[in-house]
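**Student:** Take this structure, written in structure tokens, and hold onto it; I'll ask about it next.
Where a number appears in this text, it was derived from the coordinates with a stated rule and is not lab data. None of these values were measured; they are calculated from a predicted model. All Cβ positions, glycine included, derive from the backbone under ideal geometry; neighbour counts span all protein chains shown.
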Amino acid sequence: MDMDLILDLTGNFIYGMMAAVALYGTYTLIMLQRQVGSKRFSNHAQAEQFLDGLRESLEAQKFEEVADQCDTPPFWSKAVPQLILVALANRNQQMTKLRRTIGEHFEREILADLEYRMSWVNTVVKTAPMLGLLGTVTGMILAFGKIASAASQGGLKPEQLAGDISFALFTTALGLMIAVPLVIGGAFIQVRIGKMQDQVQQYLGVFLEDLENASGKAGRR
């Protein structure tokens, strides 16, 4: 098969794969950003307002009303209201066991999905430079192939190798251009996930204290 035809076929394949992984990595980052944003309260005031509303219902022992507040927009998609529903469903457990139950649900139902998506971002980060390396190796193989075939034909002009070497270097650069922004974006998402975990711990702790106080008052009646 003609070397130029091999270069064209290989180049089209590598460029197509790079475009695919770049698009998928970008899409996954955007979805992660939106998903983490939907799980967090937009600000402290919103969280305080939400918890104050629950506190009034808890003091009145209106647990169904608490559940309704957690299961309505704009709170139903957020992590804290979802975990509060778990706490209400298991409120007869001892507090230590209840905290463990909530923690397991948080890990399994919320964090696991985010980590799964992040694993795909990390896969793209690793794949893009590898595709670039494949292009580099392919370009150099083709270049050396031309040198070998030209040796028996009286020599080779430098411009005949320019296309192969340019392809080899460009694919490497393109792989890095895809990977570097995704690494930065992935680190940004990890920071947001960490902040979400801190927020969940803080606000869920406040609710559990209110729940414990409400249960204690009910027990003394």
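**Student:** With the condition kept exactly as written, say whether any residue in the range 101-109 is within 22 Å of Leu51 (Cα to Cα), aliphatic (A, V, I, L, M) and in a helix (DSSP H, G or I).
**Tutor:** Yes; the residues of the range 101-109 include at least one that is within 22 Å of Leu51 (Cα to Cα), aliphatic (A, V, I, L, M) and in a helix (DSSP H, G or I).
**Student:** Inside the range 50-90, can you point out the residues that are within 17 Å of Ala214 (Cβ to Cβ), touching a Ser or Thr at 6+ places or on another chain (Cβ under 7 Å) and part of a loop (DSSP other than H, G, I, E, B)?
**Tutor:** Once the filter is applied, which keeps residues that are within 17 Å of Ala214 (Cβ to Cβ), touching a Ser or Thr at 6+ places or on another chain (Cβ under 7 Å) and part of a loop (DSSP other than H, G, I, E, B), the range 50-90 yields only Asn90.
**Student:** Oh, and also: Among what's in the range 23-62 and is more than 31 Å from the chain's Cα centre (by Cα) and small (Gly, Ala, Ser), pick the residue that is nearest to Gly194 (Cα to Cα).
**Tutor:** The selected residue is Gly53.
**Student:** Which condition does Thr138 not pass, out of (1) in contact (Cβ under 8 Å) with a residue 24 or more places away in the chain; (2) among the polar types (S, T, N, Q); (3) touching a Leu at 6+ places or on another chain (Cβ under 8 Å); (4) over 30 Å from Tyr15 (Cβ atoms), if it passes all the others?
**Tutor:** Unmet for Thr138, out of (1) in contact (Cβ under 8 Å) with a residue 24 or more places away in the chain; (2) among the polar types (S, T, N, Q); (3) touching a Leu at 6+ places or on another chain (Cβ under 8 Å); (4) over 30 Å from Tyr15 (Cβ atoms): (4).
**Student:** Let me ask something else about it. Of the residues in the range 104-114, how many are surrounded by 15 or more Cβ atoms within 10 Å (Cβ to Cβ) and within 19 Å of Lys195 (Cβ to Cβ)?
**Tutor:** 4
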